[in-house]
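Below: one structure, written as structure tokens.
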Amino acid sequence: MTIIAVFNQKGGVGKTTTSLNLAAALARGGLDPLAIDLDPQAHLTIIGDVPVASGADSVFGFYAQARPLSDLVRKFPPGGNIIPSHMELSKVDALHGKGLKSVMRLKAALQEEMLEQEGTPIVIDCCPMLNVLSLNAIFASGRVLVPISADFLSVRGALQLEGTLKALEHVVKKRIERRYVVTRYDARRRMSREILVQLRERFGDELCSVHISENVSLAESPAYNKDIFTHAPHSQGAKDYDALLTELAATGFL
Ligand SMILES: Nc1ncnc2c1ncn2[C@@H]1O[C@H](COP(=O)(O)OP(=O)(O)O)[C@@H](O)[C@H]1O
Ligand SMILES: [Mg+2]
């Protein structure tokens, strides 16, 4: 089944919000998703209220002590399961170089442990840096969902990222599938509307038709440790993430 890396090297663009609510939407659709929190800030783990006693019990245990990934899988209350994160994960870059073996570790383990099974879509929430962790996510998945918040700097970041993905394709010698999705869209702002036009010109069909609106329920739900479907099922945010999943499935990305 599909593995998706939710990545943008810019912070605050909606990676964690998108990972959380895509996992929740998949679970509501009857699937049993596995979320992997690959950000040392551990926001997805914290929002899901998954207690992690030590770094060894998080995905850091896999990188630092070669623990099997399947030992680290925990129930993820928003839906399915999660391999949680811990702030110690920030040490991984220093522990491992960016050699081919280091950046392929997650891919190799997911395959060896057969975690990538029928009915188990995997959603990887990345950190806002192109480091060894994000490269692990991109190479494990081969497909990247890039949230772009509707502001100038975020668009610049996405254009840079397009260059990065092209460079990485030379390394793996195959196409890295990607979809861009605009988040925090505010229809009252001319800038939001202009950004949509600009990104459509640049990315064509790789830009999702669905965009995620700026929505107060989406901003509030993490404070209640909830995904949007549990926190505010009738909100625009819930409608948008439901529509995003439908589009990703219909276009064969997921
Ligand atoms: N569509 C949205 N509407 C309102 N607030 C949002 C939306 N998407 C994300 N946020 C808020 O913006 C902040 C950054 O989002 P987050 O998903 O954590 O970004 P990232 O993981 O890329 O750093 C969070 O406080 C989150 O609740
Ligand atoms: Mg995040």
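In Å, what Kirkwood hydrodynamic radius results for region 3-250 from the alpha-carbon pair distances? Working shown, then result.
Working: mean 1/r = 0.0554 Å⁻¹.
About 18.0 Å, per the Kirkwood formula over Cα pairs.
Among 204-214, 35-45, sorting by the average number of other beta carbon atoms lying within 10 angstrom of each residue, highest first, gives 35-45, 204-214.
Between SER54 and ASP32, residue separation times 0.36 nm minus the direct Cα-Cα distance comes to 5.3 nm. Taking packing as the residue-averaged number of other Cβ atoms within 10 angstrom, the listed peptides 228-234, 79-85 run from highest to lowest as 79-85, 228-234.
Ordering 162-170, 5-13 by mean Cβ neighbour count within 10 Å, with the highest value first, yields 5-13, 162-170.
Candidate membrane-span-like segments in the chain, meaning DSSP H helices with Cα atoms spread over at least 18 Å of their own axis and a Kyte-Doolittle mean of -1.0 or above, are 15-28, 152-172, 190-203, 236-250, with no membrane implied.
Once Rg and the Kirkwood radius are both taken over the C-alpha atoms of region 99-168, their ratio Rg/Rh works out to 1.02.
Converting phi to 3J(HN,Hα) with the Karplus coefficients 6.51, -1.76 and 1.60 and the offset θ = phi - 60°, region 80-89 yields x, 10, 9, 9, x, 10, 7, 4, 4, 4 Hz in sequence order, with x at every glycine or proline. Computed on the chain, with alpha-carbon pairs under 8 angstrom and 6+ residues apart, the relative contact order is 26 percent. In this structure ILE4 has an accessible area near 0 Å², from a 1.4 Å probe over the protein heavy atoms.
The mean accessible area for residues of the chain, using a 1.4 Å probe and ignoring ligands and nucleic acids, is 44 Å² per residue.
In the structure displayed, which of LYS15/LYS166; LYS107/LYS174; LYS15/LYS91; LYS91/LYS226; LYS75/LYS226 lie more than 19 Å apart, Cα to Cα?
Flagged as over cut-off: LYS15/LYS166; LYS15/LYS91; LYS91/LYS226.
The spacing between region 197-218 and region 1-73, judged by their C-alpha centroids, is 23 Å.
Would you work out what percent of the accessible area of the chain, with all protein chains in place, is carbon or sulfur (probe 1.4 Å)?
Details: 5900 of 11130 Å².
Reported share for carbon and sulfur atoms: 53 percent.
Ordered by 1.4 Å accessible area with all protein chains kept, ARG188, ARG202 run largest first as ARG188, ARG202.
Distance between the 7 Å Cα→Cβ label points at ARG200 and GLU177: 2.4 nm. Measuring with a 1.4 angstrom probe and ignoring ligands and nucleic acids, SER54 comes out at about 40 Å² accessible. Estimated at 0.36 nm per residue, the fully extended path between ALA250 and ARG190 surpasses their Cα-Cα distance by 18.6 nm.
Over region 132-254, calculate the relative contact order: mean separation of alpha carbon pairs under 8 Å at least 6 apart, over the residue count, as a percent. If you can, show how the numbers build up before the last one.
Working: 128 pairs, mean separation 26.2, N = 123.
That works out to 21 percent.
Could you tell me whether region 1-141 comes out rounded, prolate or oblate from its Cα gyration tensor? Rule is a ≥ b ≥ c as square roots of the eigenvalues, rounded for a/c under 1.5, then prolate if a/b exceeds b/c, otherwise oblate. Judged from the Cα gyration tensor, region 1-141 comes out rounded (a/c under 1.5).
Solvent-accessible surface (1.4 Å probe) assigned to GLU177 amounts to roughly 70 Å².
The values are calculated or read from the model by the stated rules, or taken from the named source; none is laboratory data. Here the structure is a predicted model, which means the values were calculated and not measured. Because the Cβ atoms are built from the backbone with ideal geometry, glycine has one as well, and the counts that use them run over all protein chains shown. The area values use the complete protein model at the heavy-atom level, side chains included, leaving out ligands, DNA and RNA. Shrake-Rupley method; radii C 1.70, N 1.55, O 1.52, S 1.80 Å.
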